[in-house]
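Inspection log for the structure reproduced underneath, given as C-alpha cells.
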Amino acid sequence: MNKPNVHAVHRDWDREFPVMERAEGIYLYDQDGRKYIDGSGGSSVVTTIGHGVTEIAQAMFEQAQKFSFYPAHAFTNEQFLELSDLVVSLAPGGLKDASRVWVACTGTDATDDAVRLARQYWITEGKPSKYQVITRWQGFHGNTISVAGYSGISSRRNIFQPMYVESPHIPPAFCYRCPFEHTYPECNLLCARALETAIRQHGPENVAAFIAEPVVGAGLGCVPAPPGYFQEIREICTRYDVLFIADEVMTGWGRTGRMWGIEHWGVTPDIIATAKGMTAGYTPLSAVIARDEIWATLERAHSPFKAGHTLNANAVSCAGAIAVLHYIQKHDLVENSRQRGEQALKGLGNLMEKHPSLGDVRGLGLMFGFELVRDQDTKRPFEAQQRASAVFERAAWQRGLVSYACTGTVDGTLGDMVLLAPPLVINEAQVNDILTIIDDSLSETEKELGGR
Ligand SMILES: Cc1ncc(COP(=O)(O)O)c(C=O)c1O
C-alpha cells in the first residue's frame with residue numbers, strides 16, 4: 001500500500017490508492033505485486049492499445065531527443081503536420097479528406113475549442129447573434145467551469161452551478177428510461193425532435209451549436225442513441241443553421257467497434273472533439289476536427305482561431321498519437337473491439353436471469369456497461385445512499401477488476417451504473433475472465449444490498 005503521503009492530493013479522501021508499478025496489455029500491477037485487469041480503460045475509456053507498448057515510448061523518445069517544445073507562435077512541427085494528415089484521412093463520412101485539425105491537450109480543451117470554433121465561425125459568417133450551445137441532460141463534456149455548464153450530470157454540477165456558462169439542455173436519448181415515457185420506434189424519436197423545439201424556443205438566430213456524445217459515457221453508463229436519432233439531429237441542425245458537434249472524446253478511435261461512434265448512424269458532424277483513445281494514455285493530447293469550409297471561413301476573413309494553450313500540438317505528444325493510430329490500424333483493433341464487444345454484451349445479457357439487480361445491459365463495441373436496479377421489472381433504482389455501483393466496484397476490485405462506477409442515470413443523481421471499457425487488444429479468454437468477475441461481484445453486491 002501507499003507510503004503515508006501528506007502532500008499529494010488524490011481524487012478521494014476516503015480510500016487508499018495503491019501505487020502503480022507497471023502495466024502491460026490489459027493488466028496493471030501495483031507496488032505490492034497485485035495484478036488487476038484494466039476493465040475501464042483508465043478513468044475511463046482511454047487505453048485503446050493497452051499498456052506497455054514500447055514502440056509508442058520509442059516514437060516519443062526519438063522526438064524528445066530532437067525537441068519537445070518550441071515557440072509555437074513562430075514555428076510548426078513535422079509531427080503535428082503528419083498527425084493532421086493522418087487524422088483527416090481517418091475522419092468519418094464527409095470529413096474524410098475534407099477537414100482540418102486543431103490539436104490541444106485534454107478532452108475538455110477539445111470540447112471547449114469546438115464550441116469556440118462554432119461561435120467564431122458564426123461571427124465570421126455575419127451571424128453574430130448565434131452563441132448558444134444546446135446540450136443534453138446526463139451528457140458530459142468536460143471539467144472546466146465553462147464546459148461543465150454544458151454537462152448534464154446534476155451531482156457533478158451542483159457545487160459550481162452559479163459559476164457556469166448556462167446552456168439549454170434537452171432530454172437524453174435513453175430508451176431504457178425514456179424521458180417521455182414512450183417506446184421506440186412508436187415514439188417517432190421525440191428525444192431528437194426535442195432539439196427542434198429547443199432551437200425554436202431559443203430562436204435559431206441565437207443558437208450556434210448542438211453537442212452530444214454518440215454513446216453517452218459517464219452520465220448514463222454506455223447508452224447509444226437509438227437508430228435514426230443522429231440522422232434526425234443532423235437534419236434539424238442543417239435546417240436551422242446549427243453546427244452539430246460530436247463529442248467523440250470517449251467514442252473515437254475504435255472504441256465502439258467502428259473508428260468513430262457517429263459512424264453507427266452514418267451521418268457527418270460539422271465538428272468532432274476527440275481525445276483519450278487517440279494517445280491511449282501514453283501522453284495528453286486532444287483534437288478538434290472540423291469541416292474545411294468552417295476553417296476556410298476564418299481563413300478568408302484573416303481571423304485567427306481564438307483558442308489555444310501553451311502546450312498545444314506538443315511534438316512529443318503528436319509523435320505518440322501517430323504511433324498509437326498506426327498501432328490501432330496495424331492490429332485491426334477496431335474489428336477486435338466489435339467482436340469482443342459483442343461477446344461481452346452477450347455474456348452480460350446471459351447474466352440477467354441469474355442477477356435480479358441487472359436492470360439493463362448496454363453499449364457498443366468495447367464500451368459497455370450495465371445498470372443496477374432494485375427491481376428488474378419496475379426498474380426501481382437503489383437508494384442513492386446505498387451507493388450500489390460503488391459496492392459493485394469494490395467487489396470487482398477485490399477480485400482484480402478495475403471498473404468505473406457511475407451514478408445519475410435516472411435524474412443526474414439517482415441511478416447506478418457501471419462502465420467497462422477494457423483495452424481494445426483484449427482477447428476472448430480475457431473477456432470471459434471479466435465476465436466471471438462481474439458475475440461473482442454481482443452476487444456479492446446483491447448479498448450486501450438485499451433483493452427487491
Ligand atoms: C464525453 C467526454 N467529453 C469530454 C471529456 C473531458 O475530457 P478530459 O477529461 O480529457 O478533459 C470527457 C471525460 O471523461 C468525456 O467523457
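The values are calculated or read from the model by the stated rules, or taken from the named source; none is laboratory data. No experiment lies behind these values; they were computed from the predicted model shown. Positions of Cβ are backbone-derived with ideal geometry, glycine not excepted, and every protein chain shown enters the neighbour counts. SASA here: full protein model, heavy atoms, side chains in, ligands and nucleic acids out. Shrake-Rupley method; radii C 1.70, N 1.55, O 1.52, S 1.80 Å.
Kirkwood hydrodynamic radius, computed over distinct alpha-carbon pairs, for segment 158-238: how many Å, to one decimal? Walk me through the numbers on the way to the answer.
Working: mean 1/r = 0.0721 Å⁻¹.
For segment 158-238, inverting the mean 1/r across all distinct Cα pairs yields 13.9 Å.
Please list 14-27, 424-437 highest first by mean number of surrounding beta-carbon atoms within 10 Å per residue.
Numbers: 14-27: 13.5, 424-437: 18.1.
So the peptides 14-27, 424-437, ranked by packing, come out 424-437, 14-27.
Taking only C-alpha pairs under 8 Å that are 6+ residues apart, what is the relative contact order of the chain in percent? Write out the running numbers ahead of the final one.
Details: 971 pairs, mean separation 97.9, N = 452.
22 percent.
Hey, can you grab everything whose amide H is under 5 Å from the amide H of Arg374? Only 5+ residues off in sequence or another chain; H modelled, so Pro and N-termini drop out.
Distant-sequence amide H within range of Arg374: Arg380, Phe382.
Excluding same-chain residues fewer than 8 positions from Lys127, which lysines have a Cα within less than 22 Å of its Cα?
Lys306
Give the separation of the Cα centroids, segment 156-231 to segment 389-452, in Å.
Taking the Cα centre of segment 389-452 as reference, the centre of segment 156-231 is 26 Å away.
With both partners inside the chain, how many of the DSSP beta bridges are antiparallel, as a percent to the nearest 5? Please report the intermediate quantities before stating the final value.
Working: 37 of 51 bridges.
For the chain, the DSSP antiparallel bridge percentage is about 75.
Convert each backbone phi in segment 311-325 into a coupling constant with the Karplus relation 6.51 cos²θ - 1.76 cosθ + 1.60 (shift: θ = phi - 60°), then list the ³J(HN,Hα) values in order as whole Hz, x for Gly and Pro.
9, 3, 6, 4, 5, 5, 5, 4, 4, x, 5, 4, 5, 5, 5
Which order do peptides 363-372, 259-268 fall in by mean Cβ count within 10 Å, highest first?
Per-residue mean Cβ counts within 10 Å order the peptides as 363-372, 259-268.
May I ask you to rank Thr297, Thr238 by accessible area, largest first, using a 1.4 Å probe over the protein chains only?
Ranked list, largest accessible area first: Thr238, Thr297.
Only helical DSSP H runs with n ≥ 4 go in: add -39500 (n - 2.57) per run for the chain, normalise by residue count and round the 222 nm mean residue ellipticity to 500 deg cm²/dmol.
Value at 222 nm, helices only: -10500 deg cm²/dmol.
What would the Debye formula give as log10 I(q)/I(0) at q = 0.19, 0.28 Å⁻¹ for the alpha-carbon point model of segment 4-63, no solvent?
Debye intensities relative to I(0), on a log10 scale: -0.87, -1.16.
Have a look at Leu449, Ile271, Val391 and report the one farthest towards the positive end of the charge dipole of the chain, computed about the Cα centre with Cβ charges (Lys/Arg +1, Asp/Glu -1).
Sorting the options by dipole projection puts first Ile271.
What aspartates and glutamates does Lys379 reach when the alpha-carbon gap must be under 15 Å and sequence neighbours fewer than 8 apart in one chain are set aside?
List returned: Glu181, Glu353, Asp360, Glu371, Asp411, Asp416.
Please list the non-local residues whose amide H lies under 5 Å from the amide H of Arg291, H modeled 1.01 Å from N, same-chain partners needing a gap of 5 or more.
none
Give a residue-ordered list of calculated ³J(HN,Hα) values for segment 149-159 (Karplus: 6.51 cos²θ - 1.76 cosθ + 1.60, θ = phi - 60°; whole Hz; x for Gly, Pro).
In residue order, the calculated couplings are x, 7, 6, x, 9, 4, 5, 8, 8, 4, 4 Hz.
Sort the following peptides by mean Cβ neighbour count (other Cβ atoms within 10 Å, averaged over residues), highest first: 72-78, 343-349, 241-247.
Working: 72-78: 11.9, 343-349: 18.4, 241-247: 25.9.
With the highest mean Cβ count within 10 Å placed first, the list reads 241-247, 343-349, 72-78.
With θ set to phi - 60°, apply the Karplus curve 6.51 cos²θ - 1.76 cosθ + 1.60 along segment 37-52 and write out the HN-Hα couplings as whole Hz, x wherever there is a Gly or Pro.
For segment 37-52, the Karplus curve yields 8, 7, x, 10, x, x, 10, 9, 6, 10, 7, 3, 9, x, 8, x Hz.
Calculate how large, on average over all directions, the projected area of the Cα convex hull of the chain is; give the answer in nm² to one decimal.
Details: hull surface 86.7 nm².
The Cα convex hull of the chain, projected and averaged over all directions, gives 21.7 nm².
Report the Cα-based extents of segment 208-306 along its three principal axes, largest first, to the nearest Å.
Result for segment 208-306: principal-axis Cα extents of 41, 37, 21 Å.
State the extension gain, in nm to one decimal, for the chain segment bounded by Glu166 and Met20, taking 0.36 nm per residue of separation less the distance between their alpha-carbons.
Stretched fully, the Glu166-Met20 segment lengthens by 48.7 nm.
Quick one: if the Förster radius is 25 Å, what FRET efficiency do Asp97 and Thr76 give, using the C-beta to C-beta distance and rounding to 0.05?
0.75
Of all the Cα-Cα pairs you can form in segment 86-144, what percent are over 14 Å apart? Don't skip to the answer; put the middle values down first.
Working: 1157 of 1711 pairs.
Above the 14 Å cut-off, segment 86-144 has 68 percent of its Cα pairs.
May I have the convex hull volume per residue, in Å³, for the Cα set of segment 63-195?
Taking only Cα atoms, segment 63-195 has a hull volume of 198 Å³ per residue.
Which of the lysines could a cross-linker span from Lys330 if the Cα-Cα distance has to be under 24 Å and same-chain partners fewer than 8 positions apart are dropped?
Those lysines meeting the cut-off are Lys96, Lys276.
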